[in-house]
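For reference, the structure discussed in these notes is given below.
The values are calculated or read from the model by the stated rules, or taken from the named source; none is laboratory data. Because the structure is predicted, anything quoted here is derived from the model rather than measured. Here the Cβ positions follow ideal geometry from the backbone for every residue, glycine too, while neighbour counts run over all protein chains shown.
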Amino acid sequence: MRTKKIKYITVEEQFFESKEFLPQSLRNHIPRWFKDVETKYQQDNIGEQFIKRVPNVRSCPSFIEVFKDGIVLLAPTDIHISTNEANDVWSWRTPIQYFTKENIETVAFHTDDQMRTFLPKNSKTKVVFKLNLPYLVDIPKNYRIRVMPVPYQYNDDFSVCQGILDAKNQPQVNILFEYTSEKDEILIKQGTPLAVHIPYEVEEFKIENHFYNQKKHQHLRFGNTLKNLGRFHNSFLRNQKT
């Protein structure tokens, strides 16, 4: 199978030369708390001579696999967002311009009637703003990009609006944020993981619901049982002290 490519085209020289802040694999940005998860042990109930590792998030395939899929977008500079509550004016600043050759504003604030007015009362969103990044994205034919928050990066200041980027029609890379901080200003530091791009092929699925039939579904239900549960793997350590 040929490896498909997703290409990010940087439109400003100074940004392209700083490779560490360009779009990159999510594998490079596994959160520190996840890496620091400690292994706990307990005595196995089968026999006292066995010490069992307690399963945790670092041994769960669901958590492990999520970091293997996707491209992370980083803040190429510090980004300051603030409001003057007296006159309800929002403003932004970055140390340098993102666009010197085009008339594109780095940060654009949405009016409340575009989204915020319609949010539920328990929403913490104070304003919705768009960050335009100095990149274009090129993807294979019949592909789109799912824009997602960075997984398990806990943050009280902002959240990412999830959506679909149809890059063939609109290749400019931008991220939509909800400002959720209780503070009247936030500083997004350079290098902060902002959002994740997940390319996917556009396919149509038909949803069917079936009642379990032993003859048809026996293998689906039990086909991998022994592969998953029939070995000790590394969770059983004989005679190891805790």
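Name, by its number, the condition in (1) within 21 Å of Leu26 (Cβ to Cβ); (2) in a strand (DSSP E or B); (3) not hydrophobic (A, V, I, L, M, F, W, C) that does not hold for Lys130.
(1)
What's the number of the only condition in (1) at pLDDT 95 or above; (2) over 23 Å from Leu22 (Cβ atoms); (3) loosely packed, with under 15 Cβ neighbours inside 10 Å that Lys121 fails to meet?
If we test Lys121 against (1) at pLDDT 95 or above; (2) over 23 Å from Leu22 (Cβ atoms); (3) loosely packed, with under 15 Cβ neighbours inside 10 Å, just (1) comes out false.
State whether one or more residues within the stretch 28-41 are touching a Pro at 6+ places or on another chain (Cβ under 7 Å) and surrounded by 12 or more Cβ atoms within 10 Å (Cβ to Cβ).
yes
If you check Val128 against the conditions, is it farther than 27 Å from Ser18 by Cα, surrounded by 15 or more Cβ atoms within 10 Å (Cβ to Cβ) and either modelled with pLDDT of 95 or more or touching a helix residue (DSSP H, G or I) at 6+ places or on another chain (Cβ under 7 Å) (or both)?
yes
When you go through (1) of a type in the set (A, V, I, L, M); (2) out of contact with any Leu (no Cβ under 7 Å at 6 or more places or on another chain); (3) under 30 Å from Lys4 (Cα atoms) one by one for Leu187, which number turns out not to apply?
Result: Leu187 passes all but (3).
Would you check which residues across the stretch 111-122 are in a loop (DSSP other than H, G, I, E, B) and free of Cβ contacts under 8 Å to residues at least 12 places away in the same chain and list them?
Across the stretch 111-122, the qualifying residues are Thr111, Leu119, Pro120, Lys121, Asn122.
Tell me, which strands (runs of 3 or more DSSP E) lie completely within the stretch 137-209 with 2 or more residues that are at pLDDT 95 or above and more than 28 Å from Glu85 (Cβ to Cβ)?
Answer list for the stretch 137-209: 143-148, 163-165, 172-179, 193-201.
Would you tally the residues in the stretch 147-167 being over 13 Å from the mean Cα position of the chain (by Cα) and not aliphatic (A, V, I, L, M)?
4
List the pairs whose first member sits in the stretch 44-57 and is at negative phi, whose second member is at pLDDT 75 or above and hydroxyl-bearing (Ser, Thr, Tyr), and whose Cβ atoms are under 8 Å apart, counting only residues at least 6 apart or on separate chains?
Ile51/Tyr41; Lys52/Tyr41; Arg53/Thr39; Arg53/Tyr41; Arg53/Ser59; Val54/Thr39; Val54/Tyr41; Asn56/Thr39
I need the full set of residues from the stretch 84-101 which are at pLDDT 95 or above and not in a loop (DSSP other than H, G, I, E, B), in order please.
Trp90, Ser91, Trp92, Arg93
If Ile64 satisfies all but one of (1) on the phi > 0 side of the Ramachandran plot; (2) touching a helix residue (DSSP H, G or I) at 6+ places or on another chain (Cβ under 8 Å), what's the number of the condition it fails?
(1)
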